[in-house]
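Remarks on the structure that follows.
The values are calculated or read from the model by the stated rules, or taken from the named source; none is laboratory data. On a predicted model such as this, the values are computed, not experimentally measured, just so you know. Every residue, glycine as well, gets a Cβ built from its backbone with ideal geometry; the counts of neighbours run over all protein chains shown. Keep in mind that these areas ignore ligands, DNA and RNA; they rest on the heavy atoms of the full protein, side chains included. Shrake-Rupley method; radii C 1.70, N 1.55, O 1.52, S 1.80 Å.
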Amino acid sequence: MERLTVEAIEDPHGLRAFIRFPEILYRDDPCWVAPLRRDERARLSASNPFFAHADARLFLARWDREVVGRVAAIVDRWHLERWKDGAGFFGFFEVIADDSVAGSLFEAVRGWLRAQGLAVLRGPFNPSTNDVCGLLTDGFQYPPRIMMPHNPSYYPTLLERVGLRPVRELLSYELDVPPALPEAISRVASAASVRGVRVRSLDPSRLSAEAEAFRSIYNAAWSENWGFVPMSESEAAWMASHLRPVLVPELALFAEWDGRPVGLFLCLPDLNPALRLLRGRVTPLGLLRFLLRRRRADELRVILLGVLPQFRRRGIEALLLQEAFGAMRRLGYRRAELGWIDEENAVTRRAAERWGARVVKRYRMYEATL
């Protein structure tokens, strides 16, 4: 008789099984893109500066010796200090279509978080709001863009069956890069330029300083967003070093007022079609295929657009958009995904829809009491 067990990972062998399980689960899914094993290992290791203020416990579910599920339980002390909501997180969740396996994994997560004195379970965060998060609930037929989640269509039902409830809805929009932005945006952007606002591209030769400029804007501009936790100097530097290979300076922009960075725009080329060819590993042949396919990348993901609160309503956002979409056209990109966007962010949603953007995917955050 097969026996279901859930075990906490204690050694490198268990970590290897944790990292590689999705490769088995998604082997017949044409949309899934395998993350690089080395990147996943780094994201889960103590070298990730996120774990300077957080702890995680990884769990594997097995039928006898066969791995059938995984999950991480996460405690972020900075989140608890900021929000005082007694919430712990789950993330890196993957499982076969089986209620008992999912239920056993979440019992392990609940038990560990209760032992930390927490009252709420929330997720998925992989491992935080500053990284990949959310569960895909609509748009399964589309491949994920770079740094966006993808999961089987049975996950939403499975989570609700094991006692989690929806708590936040997130949207991704798709937009064909327009030949020109609406006249109203151009007019506002021109006014900002006349007032002395300057937009410049990221300087890769000063990446450490640029990462710190990004962090100062990000932490202030997003501070009131749902679930936001500030990014440390080490986290910003770590993120910049991992994004360096995919950054396009013309699509990573700063807006400056009297020489001070006050706004930012970050967009990445969607390299997932090329990354898919690596199948989670960097080999000589795979790298050659990746480089050849990368040259044909013509789609993007718009990740961030933000301005310091005291500098909003001065046309800086419009100027950043004008410069960014101009760069997209010059570089030959034809389509962009905007996301994710919180469903409750009516202002951004209306703006995207006025430009002709359409919702192509929906994501959800879940919660349960402990």
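Simple rule: put +1 on each Lys or Arg Cβ and -1 on each Asp or Glu Cβ in region 223-315, find the dipole, and look at Gly280, Leu304, Gly227; the Cα lying farthest toward the positive end is Gly280. What percentages, rounded to whole numbers, describe P(r) for the chain computed over all alpha carbon pairs with 10 Å bin width beginning at zero? The percentages, shortest bin first, are 5, 23, 33, 25, 11, 3, 0, 0.
Across the accessible surface of the chain, with the other protein chains kept in place and a 1.4 Å probe, carbon and sulfur atoms take up 51 percent. For the chain, build the charge dipole from Cβ charges (+1 Lys, Arg; -1 Asp, Glu) around the Cα centre, then report which of His13, Tyr218, Val246 sits farthest towards its positive end. Result: Val246. What you get for region 216-310, charging only the Cβ of Lys and Arg (+1) and of Asp and Glu (-1), is a dipole of about 860 debye around the Cα centre.
For the chain, the per residue solvent-accessible surface stands at 47 Å², with DNA, RNA and ligands left out and a 1.4 Å probe. Residues of region 213-255 falling in the label zone of Ala42, defined by backbone nitrogen less than 12 Å from a point 7 Å along Cα to beta-carbon, are 237-246. Given springs between every Cα pair under 10 Å in a Gaussian network model of the chain, which of Gly259, Gly163, Gly111 has the largest fluctuation? Top of the fluctuation ranking is Gly259. Diagonalising the gyration tensor over the Cα atoms of region 166-261 and scaling each eigenvalue by 5 before taking the square root yields semi-axes of 25, 21, 16 Å, largest first.
Taking Cβ atoms as reference points and 9 Å as the exclusive limit, the residues near Arg215 contribute a net charge of -3, counting Lys and Arg as +1 and Asp and Glu as -1. When both region 79-150 and region 1-73 are represented by their alpha-carbon centers, they are found 13 Å apart.
In this Cβ point-charge picture (+1 for Lys and Arg, -1 for Asp and Glu), the chain has a dipole of about 920 debye about its Cα centre.
In the chain, which whole DSSP H runs stretch at least 18 Å along their own axis (Cα) and average 0.5 or higher on the Kyte-Doolittle scale? Correct list, ordered by number: 316-331. Largest first, the three principal axis extents of the alpha carbons in region 181-316 are 52, 36, 32 Å in whole numbers. Note on region 234-297: the alpha carbon radius of gyration divided by the globular reference 2.2 N^0.38 Å gives 1.43.
Size descriptors for region 28-169: radius of gyration and Dmax over Cα atoms are 14.9, 42 Å. Here is how the number arises for the chain: DSSP H runs of 4 or more residues each give -39500 (n - 2.57), the sum is divided by the residue count, and the result at 222 nm is -10500 deg cm²/dmol.
Remark: region 49-119 carries a charge dipole of roughly 260 debye about the Cα centre, counting +1 on each Lys and Arg Cβ and -1 on each Asp and Glu Cβ. For region 1-71, the Cα-based Rg and Dmax, in that order, read 13.5, 43 Å. Extension gain for Trp226 to Leu181 (0.36 nm times residue separation, less C-alpha to C-alpha distance): 13.2 nm. Build a GNM of the chain with springs between Cα atoms under 10 Å apart, and of Leu58, Leu36, Leu288 the one that fluctuates most is Leu288. Once C-alpha pairs closer than 8 Å and six or more residues apart are averaged by separation and normalised to the residue number of the chain, the relative contact order reads 23 percent.
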